[in-house]
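The values are calculated or read from the model by the stated rules, or taken from the named source; none is laboratory data. The structure displayed is predicted, hence computed values, not measured ones. Note that each Cβ is placed from the backbone with ideal geometry, even for glycine, and that neighbours are counted across all protein chains shown. Remember, those area values only see protein heavy atoms, side chains included, never the ligands or the DNA or RNA. Shrake-Rupley method; radii C 1.70, N 1.55, O 1.52, S 1.80 Å.
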Amino acid sequence: MRELIKKLLGADIRLQLRKIFPSRIQREADKVASDEAEFRSRFYSMFIKSGDICFDVGANMGNRVLPLLAIGAKVVAVEPQENCYKYLKQKFGKRIAVVGKGLGAVETVKKFYVSSTSVLSSFSEEWIDSVKDGRFDGYTWDEPINLEITTADKLIETFGLPSFIKIDVEGYELEVLKGLTRPVKMISFEYTVPEQTERAIQCIDQILKYNPNIECNYSSNESMQWGMEKWLLPAGMKSFIASNDFISTGFGDIYVRTKV
């Protein structure tokens, strides 16, 4: 629960508090961000090395950018929300590339629903409908605005083939994966269960279309720890996703890697 609260409130509230109490809050926020980045770096360094290209899709305020940079990765942050985009540009400058668009199956313009907390903003009406009266009761989504969509394949043409793609886009993960037709060494995508159990399975199937040589694991909540000692083949992972043991985790990230 603590990690869920941090996910929902951390970045937005810290940003607002900095405006009210700039010096003290800045010091405290920087310390928290530094501690979290070090924690995440230890996890990411198990499969990312210095110089690797990494796509952070749904970068928000950059809590995954910091640990990736600490490893020495070349980060491409994809973030369509204007306030988050500006924050990333201001905070990281030329250390990263920031793409102010969404990712999807094809290049287009799509309705984007901005939430009362930025980490819940989404292109997916289906996802919003599935969580607004339950998991995220009390949060609101504004009338949609039109935003540009590009694809992972287009990003690869511009920035090169990444070693890792992290996807956290509040229910739009499958559409992001539909725009990727190249095998990637490691992909993570966020899951929320039971609301999006079938979508998680579909995401694995989508990756399989272009990379049949994969195996899967997961990390629940924001633990940054492997949920299983042994990685599962796709069929085994899909069965596990439908199990009560997995559904009880609530949310987290599924990791799909190319078998060596």
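Which of the residues spanning the range 165-178 are open to solvent by less than 20 Å² (accessible area, probe 1.4 Å) and over 16 Å from Glu79 (Cβ atoms)? Let's see the steps before the verdict.
Going residue by residue through the range 165-178, those that are open to solvent by less than 20 Å² (accessible area, probe 1.4 Å) are 165-167, 170-171, 173-174, 176-177.
Hits for the range 165-178 are Gly171, Leu174, Leu177.
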Pick out the one residue from Lys49, Lys132 that is within 30 Å of Thr197 (Cβ to Cβ) and not hydrophobic (A, V, I, L, M, F, W, C). Lys132
Within the range 62-74, of all residues that are closer than 22 Å to Trp226 by Cα and not in a loop (DSSP other than H, G, I, E, B), the one most open to solvent (accessible area, probe 1.4 Å) is Ala70
Sort out which residues of the range 195-218 are modelled with pLDDT of 95 or more and open to solvent by 40 Å² or more (accessible area, probe 1.4 Å), and write them in order of number. Glu198, Arg199, Gln202, Asp205, Leu208, Lys209, Tyr210, Pro212, Asn213
Selected residue (only one of Pro144, Pro162, Pro183 is out of contact with any Asp or Glu (no Cβ under 7 Å at 6 or more places or on another chain), within 30 Å of Glu229 (Cα to Cα), open to solvent by 10 Å² or more (accessible area, probe 1.4 Å) and not polar (S, T, N, Q)): Pro183
Any residue in the range 125-150 that's at positive phi and modelled with pLDDT under 85: show its pairings with residues that are not charged (D, E, K, R) and not in a helix (DSSP H, G or I) at Cβ separation under 9 Å, as long as the two are six or more apart or on different chains. Gly138/Ser116
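Which residues, taken from the range 233-257, are in contact (Cβ under 8 Å) with a residue 40 or more places away in the chain and among the hydrophobic types (A, V, I, L, M, F, W, C)? Steps first, please.
Kept after step one, since they are in contact (Cβ under 8 Å) with a residue 40 or more places away in the chain, are these residues of the range 233-257: 241-242, 246-247, 249-257.
Selection gives Ile241, Ala242, Phe246, Ile247, Phe251, Ile254, Val256.
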Does Asn221 satisfy the criteria of being touching a Ser or Thr at 6+ places or on another chain (Cβ under 9 Å) and open to solvent by 30 Å² or more (accessible area, probe 1.4 Å)? yes
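Would you mind finding the one in Ala77, Ala59 that is under 24 Å from Gly252 (Cβ atoms), at pLDDT 95 or above and either open to solvent by 20 Å² or more (accessible area, probe 1.4 Å) or part of a loop (DSSP other than H, G, I, E, B) (or both)?
Values: Ala77 fails: either open to solvent by 20 Å² or more (accessible area, probe 1.4 Å) or part of a loop (DSSP other than H, G, I, E, B) (or both).
When all the criteria are applied, what remains is Ala59.
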I'd like to check something: does the range 41-56 contain any residue that is surrounded by fewer than 20 Cβ atoms within 10 Å (Cβ to Cβ), closer than 20 Å to Ile254 by Cβ, within 17 Å of the chain's Cα centre (by Cα) and among the aromatic types (Phe, Trp, Tyr)? yes
